Amino acid sequence: MAEAKEKLFSEFPPVSATEWIEKVTSDLKGAPYEKKMIWKTGDGFEANPFYTAEDIEGLPAVRSLPGEFPFVRGTKVCNHWLVRQDIDVECFKSANEKAKKLIAESGVTSLGFHFGGDKVSAENLETLLYGISPEAVELNFKTCNCKAVELIGILAEVYKKKGVDTDKCKGSVGYNPFKKPLIRGVKLPENWVDAAVEVLKAGASLPKYRVLAVDATYFNDAGSYITQELGYALANGADLLSKLSDAGIPVDKVAKKIKFNFGITSNYFMEIAKFRAARWLWAEIVNACKPVSDCGCDNYKKININARTSEWNLTIFDAYVNLLRTQTETMSAAIAGVDSISVSPHDLAYKKPDEFSERIARNQQLILKEECHFDKIIDVAGGSYYIESLTHSVAGVAWKLFLEVEDKGGFAAVANSGEVQTAINESNKARHKQVATRRLTLLGTNQFPNFTEIAGDKIVGKCDNSCGDDEKEEITKLDFSRGASEFESLRIATEKSGKRPKVFMLTIGNLAMRLARSQFSSNFFACAGYEIIDNLGFETVAEGINAARAKKADIIVICSSDEEYAVYAPEAYKLIEGGKKIFVVAGAPECAEDLKAQGITNFINIKSNVLETLQWFNEKLNIGK
């Protein structure tokens with residue numbers, strides 16, 4: 001057997017990266033390698049088409065083991081994660097009944113309760129936690145910042161009444177001092193550090209509870225790039241360490257009280273790399289603080305991460321596609337080894353999730369645990385040339401951003417000036433443009449929409465348990481417009497207009513080209529909710545125009561080959577008598593300038609800005625006015 005292995009490896013000698021590049025360059029036949037094969041991520045670095053062992057030589061932290069500093073491969077020696085579901089509490093008794101059912105029947109091991117500050121009371125908390133053991137399930141609470149200290153105190157008293165051991169109770173209270181600048185545009189109060197200190201002191205009564213929240217989900221839901229989300233999250237956490245240690249609280253005690261909440265995008269491999277980089281960089285940050293009380297134990301250097309699937313890429317139309325997005329997102333977080341995962345229900349974008357959508361969301365995690373056994377393998381991505389290289393690249397760009405924030409005075413300073421919000425909003429605009437031009441696909445929204453779907457009355461507002469709505473906006477706040485929002489506005493405007501435009505495909509000539517272009521054009525116009533009338537083909541242009549008139553078409557799209565457009569397009573344009581119908585050519589033929597000279601000005605092709613083009617058609621058709 002050993003001889004056979006030696007012979008096998010001798011027959012397949014190692015191939016260097018240089019040899020691979022030479023071979024790829026040869027196969028490209030003159031096309032530039034960098035332009036064709038290098039992926040520009042948008043996150044501040046480039047990704048190669050392949051990676052080899054050479055790419056991870058000398059990379060820091062590659063040789064560490066799971067559970068070992070700097071924790072790139074995990075903070076624990078298993079891949080167990082908590083299945084979390086959040087509950088917006090309106091009635092405390094109903095929320096209690098729901099929570100108990102989730103624990104007993106649904107595989108949930110972590111609960112999140114969200115409620116307004118005016119509902120914080122001992123009576124309500126006792127009702128909410130009746131029959132629930134705080135030792136058996138992780139309990140997380142989120143309310144108004146101004147009620148955090150009171151909430152922690154009440155929780156401690158409730159647990160004392162229950163007779164439970166608080167050293168065995170795990171959970172969090174989501175106090176985030178930077179929430180108002182980020183999501184409300186209201187500057188931090190001068191005494192924000194003092195307020196955070198009071199929260200930490202109150203948190204001492206719940207030793208295993210993390211009472212300071214770094215909500216990177218805000219950045220994620222506002223459309224940030226992955227490296228931005230990580231860089232700003234680290235700066236946020238580091239500022240808490242710095243300011244609170246200056247206020248007299250040891251660094252290790254502060255670090256053990258911080259919980260990081262990250263979003264998860266559909267960028268599968270990049271997300272795996274992000275979470276690995278987050279563990280690594282946070283460990284280095286805390287380690288650099290060198291706390292006086294350091295006992296040689298690394299536990300306080302371990303980041304605690306709850307990962308939630310992104311809301312930025314959720315869609316209203318073809319909402320079941322959201323299940324595909326959240327499933328890949330959940331997979332990347334599970335493989336990356338986070339501590340808990342929350343899966344957003346597929347209908348979250350347009351209404352309060354119902355029992356069915358919440359059950360499906362829970363099951364997405366349970367499938368990964370019980371059927372795929374993702375929890376049985378530690379850091380399955382470890383050692384992958386690609387993932388290890390991505391981890392290093394993501395860490396490098398995020399660290400650069402982190403240092404820039406530190407040079408400007410820390411996260412509080414840049415958030416208070418609106419710089420963080422402005423930077424992320426610019427990223428959101430850039431990503432919206434990618435959606436508009438289809439460089440970024442949102443299946444069912446800007447590509448392959450459901451032609452017959454109607455929103456109807458399914459769009460219902462979601463509740464908001466936060467306070468401070470009456471505060472005047474002072475600085476730029478984060479823009480939480482989802483990637484699909486502009487296309488959805490377009491389509492809803494069409495639906496509400498009561499006059500659904502008819503788009504007629506005048507297919508003629510070359511069979512392959514007319515079918516390809518009619519399919520492209522049908523998908524193009526269906527993104528605005530227009531009625532599509534496709535056809536197999538016509539023998540003459542006149543026959544097609546007569547059929548379009550019979551169908552009372554508002555828009556006629558000629559679908560043929562580039563060579564045939566020179567003849568067919570002018571003939572069709574003449575037969576519809578110029579501007580009496582909107583006439584469109586599908587493609588970018590070489591004769592486009594000649595056609596424009598004859599009055600034909602509307603062209604759609606793969607380089608079109610789909611959103612702007614459809615907005616122009618809506619305006620032309622008096623939709624949305």
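Of the residues 474, 371, the single one that is farther than 30 Å from residue 57 by Cα, in contact with a Lys or Arg (Cβ under 8 Å, 6 or more places away or on another chain) and of a type in the set (D, E, K, R) is 474. Residue count for the range 471-506 satisfying the condition of being assigned to a loop (DSSP other than H, G, I, E, B), more than 30 Å from residue 546 (Cβ to Cβ) and small (Gly, Ala, Ser): 3. When 512, 566 are screened for being within 42 Å of the chain's Cα centre (by Cα), in a helix (DSSP H, G or I), closer than 25 Å to residue 607 by Cα and of a type in the set (A, V, I, L, M), only 512 passes. Taking the criterion of being of a type in the set (A, V, I, L, M, F, W, C), under 20 Å from residue 357 (Cβ atoms) and open to solvent by less than 50 Å² (accessible area, probe 1.4 Å), would at least one residue in the range 76-86 satisfy it? Yes, because at least one residue in the range 76-86 is of a type in the set (A, V, I, L, M, F, W, C), under 20 Å from residue 357 (Cβ atoms) and open to solvent by less than 50 Å² (accessible area, probe 1.4 Å).
Within the range 149-177, residues that are open to solvent by 80 Å² or more (accessible area, probe 1.4 Å) have Cβ atoms under 8 Å from residues that are in a helix (DSSP H, G or I) and hydrophobic (A, V, I, L, M, F, W, C) in these pairs: 157/122, counting only partners at least 6 apart in sequence or on another chain. Surrounded by fewer than 17 Cβ atoms within 10 Å (Cβ to Cβ) and of a type in the set (A, V, I, L, M): is that true of residue 324 in this structure? Yes; evaluated as a whole, the condition is true for this residue. Please indicate, with yes or no, whether at least one residue in the range 104-114 is over 31 Å from the mean Cα position of the chain (by Cα) and on the phi < 0 side of the Ramachandran plot. No, that holds for no residue. So how many residues does the range 299-332 have that are within 21 Å of residue 274 (Cα to Cα) and part of a loop (DSSP other than H, G, I, E, B)? So the count comes out to 8.
With a requirement of 1 or more residues that are under 28 Å from residue 311 (Cβ atoms), at pLDDT 95 or above and open to solvent by less than 20 Å² (accessible area, probe 1.4 Å), the helices (runs of 4 or more DSSP H) lying completely within the range 182-292 that satisfy it span 192-203, 217-221, 226-246, 268-289. Evaluate the following for residue 73: is it basic (Lys, Arg), outside any helix (DSSP H, G or I) and open to solvent by 60 Å² or more (accessible area, probe 1.4 Å)? So residue 73 fails the test. Summed over the range 517-536, residues that are under 22 Å from residue 442 (Cβ atoms) and open to solvent by 40 Å² or more (accessible area, probe 1.4 Å) total 3. Assessment of the range 498-514 against the conditions (among the basic types (Lys, Arg) and crowded, with 20+ Cβ neighbours inside 10 Å) yields at least one matching residue.
Just to verify a result, which residue in the range 49-102, among those that are on the phi < 0 side of the Ramachandran plot and of a type in the set (Phe, Trp, Tyr), is nearest to the chain's Cα centre (by Cα)? By that ranking, first place goes to 81.
Among the residues making up the range 149-191, those that are farther than 21 Å from residue 86 by Cα, among the charged types (D, E, K, R) and within 31 Å of the chain's Cα centre (by Cα) are 180, 184, 187.
If the condition is being small (Gly, Ala, Ser) and either touching a helix residue (DSSP H, G or I) at 6+ places or on another chain (Cβ under 6 Å) or in a helix (DSSP H, G or I) (or both), then the range 96-151 contributes 99, 104, 106, 107, 117, 122, 131, 148.
The combined condition, being open to solvent by 50 Å² or more (accessible area, probe 1.4 Å), within 29 Å of residue 180 (Cα to Cα) and under 25 Å from the mean Cα position of the chain (by Cα), is not fulfilled by residue 118. Could you tell me whether any residue of the range 344-355 is in contact with a Phe, Trp or Tyr (Cβ under 8 Å, 6 or more places away or on another chain) and open to solvent by less than 40 Å² (accessible area, probe 1.4 Å)? Yes: one or more hits. For the range 159-176, does any single residue satisfy the condition of being in contact with a helix residue (DSSP H, G or I) (Cβ under 6 Å, 6 or more places away or on another chain), part of a loop (DSSP other than H, G, I, E, B), closer than 25 Å to residue 412 by Cα and aromatic (Phe, Trp, Tyr)? Scanning the range 159-176, I find no residue that is in contact with a helix residue (DSSP H, G or I) (Cβ under 6 Å, 6 or more places away or on another chain), part of a loop (DSSP other than H, G, I, E, B), closer than 25 Å to residue 412 by Cα and aromatic (Phe, Trp, Tyr), so the answer is no.
Just one residue in the set 436, 430, 361 is touching a residue at least 40 places away in the same chain (Cβ under 8 Å), closer than 30 Å to residue 319 by Cβ and surrounded by fewer than 16 Cβ atoms within 10 Å (Cβ to Cβ); that residue is 430. Sort out which residues of the range 20-39 are more than 36 Å from the chain's Cα centre (by Cα) and either among the basic types (Lys, Arg) or surrounded by 11 or more Cβ atoms within 10 Å (Cβ to Cβ) (or both), and write them in order of number. Residues satisfying the conditions are 22, 23, 29. Residues in the range 394-422 that are surrounded by 21 or more Cβ atoms within 10 Å (Cβ to Cβ) and among the small types (Gly, Ala, Ser): 395, 398, 412, 415. Among the residues making up the range 551-596, those that are open to solvent by less than 30 Å² (accessible area, probe 1.4 Å) and under 17 Å from residue 620 (Cβ atoms) are 553, 555, 556, 557, 576, 578, 582, 583, 584, 585.
Of the residues examined, residue 381 is not one that is among the small types (Gly, Ala, Ser), crowded, with 22+ Cβ neighbours inside 10 Å and in contact (Cβ under 8 Å) with a residue 60 or more places away in the chain.
The values are calculated or read from the model by the stated rules, or taken from the named source; none is laboratory data. Remember, it's a predicted structure, so these values are computed and weren't measured experimentally. So basically every Cβ, Gly included, is an ideal-geometry build from the backbone, and we count neighbours across all protein chains shown. Surface areas here come from the heavy atoms of the whole protein model, side chains and all, with no ligands, DNA or RNA. Shrake-Rupley method; radii C 1.70, N 1.55, O 1.52, S 1.80 Å.
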